[in-house]
Amino acid sequence: MADGKSSAPNIQDVFLNYARREKLAVTVHLLDGRQFECRIKNFDRFAVVIECDGLDSLVFKHAIATLRVPRSVPNYFSSHHP
């Protein structure tokens, strides 16, 4: 990472982990205009596994425009921001 804090989680990981752990319904907007109501099952640096209507899909992060959750994600930088 540019700031030299390689052990600090990034904002993307915090957001995705929270949505996954809480099993939140997430609206995924793709760059091509499609959108899905789903749950985050897993993710890595390049892709997100989502479950929509009982089916799993692998979505590459570069195809995602936005992710929206129904409530605020607490403490993005609770112990990592001055």
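The values are calculated or read from the model by the stated rules, or taken from the named source; none is laboratory data. Remember, predicted model here, so these are calculated numbers, not experimental data. Note that we place each Cβ from the backbone using ideal geometry, even for glycine, and neighbour counts take in every protein chain shown.
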- Within the set of pairs 6 or more residues apart or between chains, which connect a residue that is more than 14 Å from SER57 (Cα to Cα) and without any contact (Cβ under 8 Å) to a residue 24 or more places away in the chain inside segment 18-42 to a residue that is outside any loop (DSSP other than H, G, I, E, B) and aliphatic (A, V, I, L, M) with Cβ atoms less than 8 Å apart? ARG20/ILE40
- Item | Filter result for VAL73 (among the aliphatic types (A, V, I, L, M) and at pLDDT 90 or above) | no
